[in-house]
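Engineer: The structure is given below, and queries will be raised subsequently.
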Amino acid sequence: MYKLSGVTKEYQKGSRVVAALRGVDLVIEDGEWLAVQGRTGHGKTTLLQMLGGLDRPTSGTVEFDGQDLAAMRESQLTGVRAASIGFIFQTFNLVPTLSAAENVEAALVPLHVAAGSRRARAAAALESVGLADRARHVPSELSGGQQQRVAIARALVKEPKVLLADEPTGNLDEDTRDEIIGLLERLWREHGHTLVLVTHDSALARRAQRVAVMKNGQLAISRAAGGRTAAT
């Protein structure tokens, strides 16, 4: 699925050069669940952006299904993101004027899915996250947990190979956090997605197959597979 070799990322900050990633090597297998932990500012989100083709490394390669994302033209990257990668963000990133169903449907527009099929797939995705009865509600009419469920449905509706989740429970209370991580785990088991979860929460990270820690831009695997297996 993924193979990162010698990945570095440097940013210019005034007169200084800041190294966000320092020679990261990583292999993520199909259907694996990897949790990435680390303090703020140590490179977790930068790593996730590399995996999602949202940013390019300063050096090194980011292979996704045998293709180097770093060497792709922007139009190619856009196609890969639209078809193969689902993103889940801490702040939900829902369009406030669109209903839950319309927010989910929006993920299918770049794939040129016909309107009728978009509606049917959005309805099925919302049902899979327990929100079939909230399809017509706009985000302001939903709780934080419900909004994150809509965001998960939006990520799932295009049937991606990979789910990339950046602190998906960071804005939720403890009970809702447990509901959301339980939902993500169930969907991972049922669909066999590759799941990469960035989190500060050790309780969440322990549920993953592998846990990696980012520190000063370097990645270390802190725990090997714990016996969980993805759906096949």
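The numbers here are math on the coordinates, done by the rules we state, and not lab data. Remember, it's a predicted structure, so these values are computed and weren't measured experimentally. Methodologically, a virtual Cβ is constructed for each residue, glycine included, from the backbone with ideal geometry; neighbour enumeration extends over all protein chains shown.
Engineer: Using a cut-off of 19 Å between alpha-carbon atoms, which lysines can reach K9, once sequence neighbours fewer than 8 places away in the same chain are excluded?
Structural biologist: Here the lysines satisfying the reach criterion relative to K9 are K44, K215.
Engineer: Say each of T40 and S222 gets a label point 7 Å from the Cα, pointing the same way as Cα to Cβ; how far apart are those two points in nm?
Structural biologist: Label-label distance for T40 and S222, simple model: 1.8 nm.
Engineer: Further question: Mean residue ellipticity at 222 nm from the helices of the chain, using -39,500 (n - 2.57) per DSSP H segment of n ≥ 4 over the full residue count, to the nearest 500 deg cm²/dmol?
Structural biologist: Details: 7 runs with 74 residues, N = 232.
Value at 222 nm, helices only: -9500 deg cm²/dmol.
Engineer: What percent do you get for the relative contact order of the range 2-223 when only Cα pairs under 8 Å and 6+ apart count? Show your work: numbers first, answer last.
Structural biologist: Values: 415 pairs, mean separation 66.3, N = 222.
The normalised contact order for the range 2-223 reaches 30 percent.
Engineer: Obtain the radius of gyration and the Kirkwood radius of the range 32-112 from its C-alpha atoms and give Rg over Rh. Mind dumping the intermediate values first?
Structural biologist: Working: Rg = 14.7 Å, Rh = 14.7 Å.
Rounded to two decimals, Rg over Rh is 1.00.
Engineer: Moving on. Given H placed 1.01 Å from N in the peptide plane, which residues other than close sequence neighbours of G192 have an amide H under 5 Å from its amide H?
Structural biologist: A231
Engineer: Relative to the longest principal axis of the chain, what angle (0 to 90°, nearest 10) does the C-alpha long axis of helix 115-128 take?
Structural biologist: The helix 115-128 is inclined about 80 degrees to the chain.
Engineer: Can you run the Rg to Rh ratio on the chain? Use alpha carbon positions and the Kirkwood inverse-distance Rh.
Structural biologist: Numbers: Rg = 17.5 Å, Rh = 18.1 Å.
That ratio is 0.96, to two decimals.
Engineer: Most fluctuating residue of A20, A115, A100 in a GNM of the chain with Cα springs under 10 Å: which is it?
Structural biologist: A115
Engineer: May I pose another question? In degrees between 0 and 90, to the nearest 10, how far off the longest principal axis of the chain does helix 174-191 point, with axes built from Cα atoms?
Structural biologist: 90
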